[in-house]
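> If you scroll down you'll find the structure; I have some questions about it.
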Amino acid sequence: MKFISYIIVLQFLTVEVFSQVISKCRATTEKYSNCVSSFHADTFDSKCGTYASPQCKELFKTPEKILKDCDKEFIEITSAVLKDMHNILKYTCKRDEQGDYCPLSKIIQETELHPDIYQNMKFSEIFESIKGSCSSQKCLKVAITYMESLKDMLTDDQKKEKEEVKGLLNFLNNC
C-alpha cells in the first residue's frame, strides 16, 4: 500500500510541477501531459495503451531529452518521477508476442485493483503463475528482471522469501 501511496504522491508532484512550468517549456509539457494523466486511467488497457504509444515511450525513457528546454530543477524532479513511473509501467503493461498481458503483469494488475489479495500467501504461491512466462521470451525477460530486483530488495531478515525468489529465478533461468 505504501508503494501505491508513493506513486500517487509522485503523480501529484509531477502534475503540480507541470502546471507551474516556465512558459518556454509549457508547450512540451502540454504535448506530453496525456502520458502522465493516463497513469490513473480507469482500465489497464487504457493506461497501458497510452504508455505504449511512441510519444509516451520516448518521454518515459528519455525525459531529459524531451524536457531539454525546461528549467534544470524542473527537469531533474520530473525526470526522476517519470523514470519511477516507467519502472512501474514496464512491468504492469508488458505483453507477450500474442498481445496478452504477461503473467507478472497480471499479478501486478490484480494487486493494484485488490491490494490485500495476496496478503496471506507465500511468494512461491503468488508467483506460481509466473512460471507461465517460459512460453514467451518477452514475458520471461521481464519476469527475470523483476525477480532479480525483488531479490535484491529483500533484507537479511527475509531469508525464507529470498530463497523462494531465488528458486523461482533458477526455474526461469532454465526455461
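> How about the stretch 67-118: which of its residues are in contact (Cβ under 8 Å) with a residue 40 or more places away in the chain and aliphatic (A, V, I, L, M)?
Result: 67, 77, 81, 82, 85, 88, 89, 104.
> Please determine whether any residue of the stretch 31-47 is surrounded by fewer than 17 Cβ atoms within 10 Å (Cβ to Cβ) and within 13 Å of residue 90 (Cα to Cα).
Looking only at the stretch 31-47, we keep the residues that are surrounded by fewer than 17 Cβ atoms within 10 Å (Cβ to Cβ), and these are 31, 33-34, 37, 40-43, 45-46.
Next, only the ones that are within 13 Å of residue 90 (Cα to Cα) stay: none.
No: the stretch 31-47 contains no residue that is surrounded by fewer than 17 Cβ atoms within 10 Å (Cβ to Cβ) and within 13 Å of residue 90 (Cα to Cα).
> Now for a separate question. Which one of these is at pLDDT below 90, charged (D, E, K, R) and assigned to a loop (DSSP other than H, G, I, E, B): 157, 116?
Only one candidate passes the filter, namely 116.
> Restricting the first residue to the stretch 157-175 and requiring it to be touching a residue at least 12 places away in the same chain (Cβ under 8 Å), which pairs with a second residue that is among the charged types (D, E, K, R) and not in a helix (DSSP H, G or I) meet a Cβ separation below 7 Å and a spacing of at least six or different chains?
164/122
> Given the residues 56, 70, 25, 48, which is the only one that is assigned to a helix (DSSP H, G or I) and at pLDDT below 90? Write out each step before concluding.
Values: 56 fails: at pLDDT below 90; 70 fails: assigned to a helix (DSSP H, G or I); 48 fails: at pLDDT below 90.
Going through 56, 70, 25, 48 in turn, the sole match is 25.
> Another question about this same structure. So residue 153 fits all but one of (1) open to solvent by 80 Å² or more (accessible area, probe 1.4 Å); (2) over 19 Å from the mean Cα position of the chain (by Cα); what number is the exception?
It fails just one condition, (2).
> Please list, ordered by first then second residue, the pairs with beta carbon atoms under 9 Å, 6 or more apart or interchain, first in the stretch 130-156 and within 21 Å of residue 95 (Cβ to Cβ) and free of Cβ contacts under 8 Å to residues at least 40 places away in the same chain, second of a type in the set (Gly, Ala, Ser) and assigned to a helix (DSSP H, G or I).
These pairs meet every condition: 140/133; 141/133; 144/133.
Residues are listed down the side, and each one gets a yes or a no for (1) open to solvent by less than 50 Å² (accessible area, probe 1.4 Å); (2) closer than 29 Å to residue 39 by Cβ; (3) not acidic (Asp, Glu):
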site: 104; (1), (2), (3): yes, yes, yes
site: 135; (1), (2), (3): no, no, yes
site: 146; (1), (2), (3): no, yes, yes
site: 170; (1), (2), (3): no, no, yes
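> Kindly provide the set of residues from the stretch 119-129 that are part of a helix (DSSP H, G or I), surrounded by fewer than 17 Cβ atoms within 10 Å (Cβ to Cβ) and touching a residue at least 24 places away in the same chain (Cβ under 8 Å), ordered by number.
124, 129
> Condition first: buried (at least 16 other Cβ atoms within 10 Å of the Cβ) and in a helix (DSSP H, G or I). Now tell me which residues in the stretch 79-95 satisfy that. Talk me through it step by step, then tell me what you get.
Looking only at the stretch 79-95, we keep the residues that are buried (at least 16 other Cβ atoms within 10 Å of the Cβ), and these are 79, 81-82, 84-86, 88-95.
Within the stretch 79-95, 79, 81, 82, 84, 85, 86, 88, 89, 90, 91, 92 meet the criteria.
The values are calculated or read from the model by the stated rules, or taken from the named source; none is laboratory data. Worth saying up front: this structure is predicted, and the values here are computed from it rather than measured. As a convention, Cβ positions derive from the backbone with ideal geometry for all residues, glycine included, and neighbour counts pool all protein chains shown. For the accessible areas, the whole protein counts, side chains as well, though only heavy atoms, and no ligand, DNA or RNA atoms are used. Shrake-Rupley method; radii C 1.70, N 1.55, O 1.52, S 1.80 Å.
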